[in-house]
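Here the structure comes first, spelled out in structure tokens, and everything after it is commentary.
We did not get these values from a lab; they are worked out from the coordinates using the rules stated. Note that this is a predicted model, so its numbers are computed, not measured. Note: ideal-geometry Cβ built from the backbone for every residue, glycine included; neighbour counts use all protein chains shown.
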Amino acid sequence: VRLCRALSLEERGTLLEDLKGQVESWPLGDHRRLTPDEVARLAASSVIEVGSHAVSHTVPGGLTPGVFPEELRSSKEYLEQVTERAVDLLAYPFGARGDLTAASIRSARQCGYAAACANYAGLVWRWSDLHSLHRFLVRDWDGEALGQKLEDWFDGRA
């Protein structure tokens, strides 16, 4: 991964395509990627909003200057093409406090995202920065466990 950071987005894409070709026959079970058609069907739902997550899922602050904005633009354009809808929301890859920089947040704004979520817990208020919103990590919990987590979060017991 460290070696890939120095590569351009195009070089990284070539490398990833090569690796993908080497592992495509591996069984993925329940952890496969959605097909473009499946993403488009999700986007057509009235209860799901498709947002971006960048291209290579790399820590934003660890990329060479100029690469993260290109990651954001490419992801947004691809998803808009697949879904035939505007993609205005971003969840930063990793996105912990130490992963985000002022430049990362500025890139999200400049690429046209209306809002972006970081990856640290906290409530959102009307004065919250729309490009550095808190979010809670949600696991594959049953309804009862999720309900308890929601109560805890909104009661400040997170």
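Couplings 3J(HN,Hα) of region 120-127, computed from phi: 9, 5, x, 7, 9, 10, 5, 9 Hz, in residue order, whole Hz [Karplus 6.51 cos²θ - 1.76 cosθ + 1.60, θ = phi - 60°; x for Gly and Pro]. Each residue of region 61-73 was assigned a 3J(HN,Hα) from its phi angle through the Karplus curve 6.51 cos²θ - 1.76 cosθ + 1.60 (θ = phi - 60°); the sequence is x, x, 8, 5, x, x, 6, 4, x, 5, 4, 5, 4 Hz, with glycine and proline shown as x.
Candidate values [x] 0.96; [y] 0.98; [z] 1.14 were compared with Rg/Rh (Cα atoms, Kirkwood Rh) computed on the shown model; the agreeing label is [y]. Of the peptides 58-65, 132-139, 33-40, the order by per-residue mean of other Cβ atoms within 10 Å, starting with the highest, comes out as 58-65, 132-139, 33-40. May I ask you to list the GluC sites (Glu not before Pro) in region 81-158 that are in a DSSP loop and have at most 16 other Cβ atoms within 10 Å of their Cβ? Those that pass, being in a loop and sparsely packed, are Glu84. Dividing the helix sum by the residues of the chain, where each DSSP H run of 4 or more adds -39500 (n - 2.57), gives a mean residue ellipticity at 222 nm of -12500 deg cm²/dmol. Axis of helix 9-23 versus longest Cα principal axis of the chain: the two differ by about 90°, to the nearest ten degrees. Per residue, the Cα convex hull of region 55-132 amounts to 91 Å³.
At full extension, Phe136 and Thr35 could sit 33.7 nm farther apart than now, given 0.36 nm per residue minus the alpha carbon distance.
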